[in-house]
1. What do you reckon, is Lys160 at pLDDT 95 or above, more than 13 Å from the ligand (Cβ to nearest atom) and surrounded by 15 or more Cβ atoms within 10 Å (Cβ to Cβ)?
2. Mind checking which pairs have a first residue in the range 309-326 that is within 14 Å of Asn353 (Cβ to Cβ) and a second that is away from the ligand (no atom under 15 Å from the Cβ) and assigned to a helix (DSSP H, G or I), Cβ under 7 Å, 6 or more apart or different chains?
3. Please determine, by comparing only the residues of the range 60-104 that are within 18 Å of Ile6 (Cβ to Cβ) and hydrophobic (A, V, I, L, M, F, W, C), which one is surrounded by the most Cβ atoms within 10 Å (Cβ to Cβ).
4. Quick check on my filter: what residues within the range 358-383 are outside any strand (DSSP E or B) and within 16 Å of the ligand (Cβ to nearest atom)?
5. Taking Ser349 as the residue in question, decide whether it is away from the ligand (no atom under 16 Å from the Cβ), at pLDDT below 95 and not in a helix (DSSP H, G or I).
6. What is the residue count in the range 364-385 for residues that are buried (at least 17 other Cβ atoms within 10 Å of the Cβ) and within 25 Å of Asn321 (Cβ to Cβ)?
7. Going through Ile386, Ile305 one at a time, which residue ends up being modelled with pLDDT of 95 or more, outside the structural domain of Asp88 (by TED's automatic domain parsing) and assigned to a loop (DSSP other than H, G, I, E, B)?
8. Counting just the residues of the range 308-324 that are of a type in the set (Gly, Ala, Ser) and surrounded by fewer than 19 Cβ atoms within 10 Å (Cβ to Cβ), which one comes out farthest from the ligand (Cβ to nearest atom)?
Amino acid sequence: MNKKIILRRGKEESLLRFHPWIFSGAIHHTEADEPLSEGDLVEVLSSSGHFLAIGHWQIGSIAVRVLTFKRQPIDQTFWQKRLAAALDVRRAIGVCGREDNDTFRLVHGEGDNLPGLIVDIYGSVAVMQAHSVGMHVCRMEIAEALRAVMGEHLKAIYYKSETTLPFKAQLEQENGFLWGQSADNVARENGLRFHIDWLKGQKTGFFVDQRDNRSLVEQYAQGRKVLNMFCYTGGFSVYAMRGGAKLVHSVDSSAKAIELVNANVELNFPGDTRHKAFAEDAFKFMDEMPGSTADSQSSESYDLIILDPPAFAKHKDALRNALRGYTKLNAKAFEMIQPGGILFTFSCSQAVNKDQFRMAVFTAAAMAKRKVRILHQLHQPADHPINIYHPEGEYLKGLVLYVE
Ligand code: SAH
C-alpha cells in the first residue's frame, strides 16, 4: 500500500486498545505517491514507524475508520469473511433462518468491525447504507460479498445512502438497487408483518432496533389503553394490539408515517377498530389530553404510554437542550398517565448517556409529583452489538416505569 498516515507521538494508544477511529488531530503527516482522496485505503503507522492498522480515510474530524489491525489485503475475501462473521452472530442470537422473523440487522458498523456500514435484511432484500466515503467506494465489492454470504435467500440489494454520506464529499449518490429488483416490501418480525418503505422511509425503512422492546410492550398490553407517541411505522402499536390492548392511539407529526401505521395495522388486524392514528405534533397532542390544563381532545386517558422520540441530540453541543427536551416530554407523560400506568420511555441520542437520560426522566417524574418505580432497563437488541473497544456504539436506552 502506497498511502500511509503517520500519527503524532503517543497518539497510537487508542489504536493499541483497538478503538476503530483516528481523529484528524492525531495525524502528524501523510506519505503518498499522489494526494489522498476521500475513501482511500490507508496504512496507519505510529510516530516510530510501527504498523498499527488499515482503514478508510476521509476529510472530517474522524479521519480514518479502521477496518483491520492486521496487515492484510482489503479484498473480496476480506469482505466475505467479515459479513460471514456478522451472519454467524445473527444465527447465534436466533434472529435469522426463522419462519416468523426475517427482519434483522446484519451489519451494525463498528459493532461488526465494519465502521461506516449498515446492512438491514428485510425478507429477501438487503438494504445497505454507507456512512463513510470508504464504504461507498467499496459498495459493489461489498454487494458481491453479501450475495456470496447470503446465498439464494437474497433477491435484491438496495443502496440507501443519499442522506447518510458526508454532504461535503459531493458524491451525489442516489438511492437505488445495486443488484436485483424487488417490489415485495412486506417483512416479518416475530410473526407480525410490516410494509417496509426502503425507498423513502427513515433509516433503512424500519426501526429494527426496537424489536425486543416491542415484544415487551406486547406483554404489558392486555386490557390497556395505549398511546404510542412518535409511532413512525407503528411497530409498538401492532405489538400492543396483538397483546390484547383495549385501544391503541398512534401519534406522529409526519403524515407519511400515519399512512404507514394505518397500513401496518390493516395488514395485521384488518378492520380492527381499536386503533386510531393522529398526524400531530407530540407536545400539542399531549397538551390537549385530559390530566393537562388544556381542553381534552379525547375522553380516554392512557395507562400504557410509549415515548420513542427522534434523537434530540445529534451531537454533544446539543446536549443541554436535548436533556431539557426529554424532561419536558416525560413530564407530560407523567402528568397524563393513569395511576398504575406503565411508561416505556426511550432515547436514541448517542450523545446522551444512560445516567443523563435517567436524570432527565427522574426530574420529569418529580416535576409531575408521581411515584415511579423502574421495572426494566432497556437497550438496543443483540443484532446491534456494541464493540467493547468502541463504547460510542451504545445509543439506545430505555426505561419501563410503573407510575403510581
Ligand atoms: N417508534 C418508532 C420510531 C420512532 S422515529 C418505531 O418503533 O418504529 C421518530 C418519529 O418521530 C419519526 O417518525 C418522526 O416523524 C416523529 N416525530 C419527530 N418529531 C415529532 C414531533 N414533534 N411530534 C410527533 N412526532 C414527531
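1. No; evaluated as a whole, the condition is false for this residue.
2. Ala313/Leu319; Leu323/Gln356; Leu323/Ala360; Tyr326/Phe357; Tyr326/Ala360; Tyr326/Val361
3. Checked the range 60-104; the qualifying residue surrounded by the most Cβ atoms within 10 Å (Cβ to Cβ) is Val64.
4. Within the range 358-383, Gln380, Pro381, Asp383 qualify.
5. no
6. Residues that pass the stated criteria total 8.
7. Just one listed residue meets the conditions, Ile386.
8. Looking at residues that are of a type in the set (Gly, Ala, Ser) and surrounded by fewer than 19 Cβ atoms within 10 Å (Cβ to Cβ), I get Ala318.
The values are calculated or read from the model by the stated rules, or taken from the named source; none is laboratory data. Quick caveat, the model's predicted, so the values are computed rather than measured. We place every Cβ from the backbone using ideal geometry, glycine too, and count neighbours over all the protein chains shown.
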